[in-house]
Amino acid sequence: MKFSVSGRTAATGLVAAAVSTVMLLTDGSLAGAAPGPAQAAAPDIPVANVKAHLAQLQSIATANGGNRAHGKAGYKASLDYVKGKLDAAGFTTTVQTFTSSGATDYNLIADWPGGDTDHVVMSGSHLDSVSAGPGINDNGSGSAAVLETALAVSRAGYQPAKHLRFAWWGAEELGMVGSRNYVNGLSTANRSKISDYLNFDMIASPNPGYFVYDDDPTIEKTFKDYFTGLNITTEPETEGDGRSDHAPFKSAGIPVGGLFSGADYIKTAAQKAAWGGTSGKAFDPCYHRSCDTSTNIDDTALDHNSDAIAHAVWELSS
């Protein structure tokens, strides 16, 4: 874990004035005219697709010493898997290389063609695990959901007003090294073009909560309104403040938001009453442990949070 007409007859002038009056009375639309195209709704994100990505990340970890950690073969194989999916879907991908703790690591950036590049809606998640285990909730869950949201953009042929960018960060578990490297490498002008950065780090905890980052009011409201529509109460996310990849963006003055389902903090009785599960137990008892495998996932939380990601991407980029 961690936006005077010359040469016309008097009669024509009268007609024009009448039309203007009608348009004013109808909020700028001619009475009887067909309405403009409605804003496209975000598609449902198939949780089976997200889980298929998690299965691939589990297989990669199993084949590479049991983890997908910084500087290890499992991390690079994870990045190659995500990149292959995005390339095939029509994204423009860029691999950024950096060094930390004596090892080479990588960020993956994927841009969807089109949209106003002076207004970028960016969604990201860290792709690395700790060395102790495969990191399927932390943070395969966020990585897989962001990937499937990006693929949904491609399937829909979505052409938003704003530009869409997706990212998968390396070395988050060492202190947000990859995301900080990315932000520090941006010019002041390019930082100012990022309208929103959305972060997703652990969204399928087995004893889940529904936490929403409270850093930016507009982004927070976008997520809270979505969950209200599902009759799910949310709480402000405070556990991860400064502990995940939104921190470098926030420090640079970029509006940030995101979702979180809980890590090693203990679920209270009030939270159990709101969300179910087990009080007195950690949201994720396998946090940073070898048991953070493909069995360490709550499908319902993964489904709701994946759909919420797509909702926010569509809503904020339209």
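The values are calculated or read from the model by the stated rules, or taken from the named source; none is laboratory data. Note that this is a predicted model, so its numbers are computed, not measured. Methodologically, a virtual Cβ is constructed for each residue, glycine included, from the backbone with ideal geometry; neighbour enumeration extends over all protein chains shown.
The sole residue among 72, 51 that is more than 20 Å from the chain's Cα centre (by Cα), farther than 11 Å from residue 134 by Cα and charged (D, E, K, R) is 72. If you go through segment 218-250 and keep only what is of a type in the set (Ser, Thr, Tyr), surrounded by fewer than 14 Cβ atoms within 10 Å (Cβ to Cβ) and closer than 26 Å to residue 170 by Cβ, you end up with just 238.
One line per residue, one yes/no per condition, for (1) over 20 Å from residue 303 (Cβ atoms); (2) polar (S, T, N, Q); (3) not assigned by TED's automatic domain parsing to the domain that holds residue 312:
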| site | (1), (2), (3) |
| --- | --- |
| 224 | no, no, no |
| 231 | no, yes, no |
| 234 | no, yes, no |
| 247 | yes, no, no |
| 252 | yes, no, no |
| 255 | yes, no, no |
| 265 | yes, no, no |
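Within segment 251-268, residues that are of a type in the set (A, V, I, L, M, F, W, C) and modelled with pLDDT of 95 or more sit with their Cβ atoms under 8 Å from residues that are in a strand (DSSP E or B) and surrounded by fewer than 18 Cβ atoms within 10 Å (Cβ to Cβ), at 6+ positions apart or across chains, in these pairs: 263/282; 266/282.
Counting the residues of segment 41-79 that are modelled with pLDDT of 95 or more, under 30 Å from residue 318 (Cα atoms) and surrounded by fewer than 18 Cβ atoms within 10 Å (Cβ to Cβ) gives 6.
Could you check, for segment 168-180, whether at least one of its residues is of a type in the set (S, T, N, Q), touching a helix residue (DSSP H, G or I) at 6+ places or on another chain (Cβ under 6 Å) and not in a helix (DSSP H, G or I)? No, segment 168-180 has no match at all. For the criterion of being surrounded by fewer than 24 Cβ atoms within 10 Å (Cβ to Cβ), within 24 Å of residue 98 (Cβ to Cβ) and assigned by TED's automatic domain parsing to the domain that holds residue 96, residue 131 passes. In segment 221-231, the count of residues that are touching a His at 6+ places or on another chain (Cβ under 6 Å), outside any loop (DSSP other than H, G, I, E, B), over 12 Å from residue 198 (Cβ atoms) and at pLDDT 95 or above is one or more.
Out of segment 50-91, which residues are of a type in the set (Asp, Glu) and either at positive phi or in contact with a strand residue (DSSP E or B) (Cβ under 7 Å, 6 or more places away or on another chain) (or both)? Reasoning before the result, please.
First, the residues of segment 50-91 that are of a type in the set (Asp, Glu): 80, 87.
Of everything in segment 50-91, just one residue is of a type in the set (Asp, Glu) and either at positive phi or in contact with a strand residue (DSSP E or B) (Cβ under 7 Å, 6 or more places away or on another chain) (or both), namely 87.
The single residue among 95, 153, 120 that is farther than 30 Å from residue 65 by Cβ and either out of contact with any strand residue (DSSP E or B) (no Cβ under 7 Å at 6 or more places or on another chain) or part of a strand (DSSP E or B) (or both) turns out to be 120. Per the listing 281, 272, 221, the residue uniquely within 17 Å of the chain's Cα centre (by Cα) and among the basic types (Lys, Arg) is 221.
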